[in-house]
1. So if I take the alpha carbon set of the stretch 37-195, get Rg, then get Rh from the Kirkwood formula, what is the Rg over Rh ratio?
2. Using the Karplus curve 6.51 cos²θ - 1.76 cosθ + 1.60 with θ = phi - 60°, what ³J(HN,Hα) values do you get for each residue of the stretch 156-173, in whole Hz, with x for Gly and Pro?
3. What order, most packed first, do the peptides 123-132, 152-161, 2-11 have when packing is the mean number of other Cβ atoms within 10 Å of each residue?
4. 7 Å from Cα along Cα→Cβ at both Ala329 and Leu275: what's the point-to-point distance in nm?
5. Report, by chain and number, residues whose modeled amide H sits under 5 Å from the one on Arg14, excluding near sequence neighbours (fewer than 5 apart, same chain).
6. I'd like the Karplus ³J(HN,Hα) series for the stretch 126-135: coefficients 6.51, -1.76, 1.60, θ = phi - 60°, whole numbers in Hz, and an x wherever there's a Gly or Pro.
7. Could you pull out every residue, at least 5 positions away or on a different chain, whose amide H is within less than 5 Å of the one on Ala128? Hs are placed 1.01 Å off N in the peptide plane, and Pro or chain starts have none.
8. Specify which residue in the list Gly162, Ala96, Pro297 is farthest towards the positive end of the charge dipole of the chain, using unit charges on the beta carbon of Lys, Arg (+1) and Asp, Glu (-1), about the Cα centre.
Amino acid sequence: SALRQRCRTLLQARDPDLGPLLDLLDEPLTGPEPPPPTPSPPPPTTAPLPGSPDELAAWMLSPTGLGTHFGPGFTPRREQSEMTRLVAGALLADQAALIEAGTGVGKTLAYLAPLVAAGAAGRRAVVATHTRALQSQILEQDLPRLAAVLGELRSALLMGRGNYLCLRQRRAYLTRPREDLADALRGAAFLLWLDDTRQGLREELAAHPLLAKDLGELFDTPEPCLPGACYEGRECFVQQARRRAREADLVVVNHSLLVHDLLQNGAVIGDHDHLVVDEAHRLPAVVLDTLRIVCGPRRVEEIERRVGRIPRGDRLPERAVLAAGRLHAAGDSTAAAA
């Protein structure tokens, strides 16, 4: 009722008047009650994954191994089994491995199975991909397919800060005045989405008929997080996502976040034992893009304030010339004293 009243407050006294429509929507619906949902059967339990590379490779080929997760249509793949053996061997030896595999080999399952086996041994892993589609495939298709051998292994997706709703931008969007009915409808839609969302993800609104046009206003901000404004309670979606990731045994991230974590000495993702970089051919371009320095008008103004306005021609800014002269004089006096 409180949410309905907030939406009514936003939409009242607009042209046209939506009061009659809202009254109809508030009336209780009549009709037969829907049947209760049928509970889905729990996944069949199987023996835990073998630990040795050769045994794990054989499990990938066996109808009673990986085949139990696919059913009658299972077709073993020799290349997938060989990749699993190589990955498992590298993980056990704590060595790096560079593996190239063609389309259709089943690369994600080939490295997920060894990571799941390592997770059962208490080792934490990170998988970095380039595309959101592959992240979804891992978390929504491949890991659920291995549900019977996951045990209590927990997985989580962690994305960059710009993919989560910012608390300050949420407040700004909720409190700004609404100019017309279309703007008020977007405000009401935002309230409804806030009541429904659990992770505050940008992609949830990417195709929204009303709010897609406001994604920049809601998610893009150059301002850093402020402890007093952003970390209060447990409402920050960014902090919630990072907390889930730190509690997970297998964390899926993108290449950009992986680079940021390396720059911050692991402060974002947390300590981990194993790292798999999928779609690694895209990593160099991501590194260059992540490490670049963008010099916009605001930064140019800051530089000018620090060194003086750059004059025309080949001369240096006045303050830079003055500083160079003083340094030169200091160098000469030091040499003379010596």
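Computed from the coordinates by the stated procedures, all read-outs in this text should not be read as laboratory data. Everything quoted here is computed from the prediction, not taken from an experiment. We place every Cβ from the backbone using ideal geometry, glycine too, and count neighbours over all the protein chains shown.
1. 1.15
2. So the J values, rounded to whole Hz, are 7, 9, 10, 10, x, 4, x, 8, 10, 5, 8, 4, 5, 5, 4, 5, 4, 5.
3. 123-132, 152-161, 2-11
4. 5.0
5. The answer is none.
6. 10, 10, 10, 10, 8, 9, 5, 4, 5, 4
7. Val253, Val276, Val277, Asp278
8. The residue sitting most towards the positive pole is Pro297.
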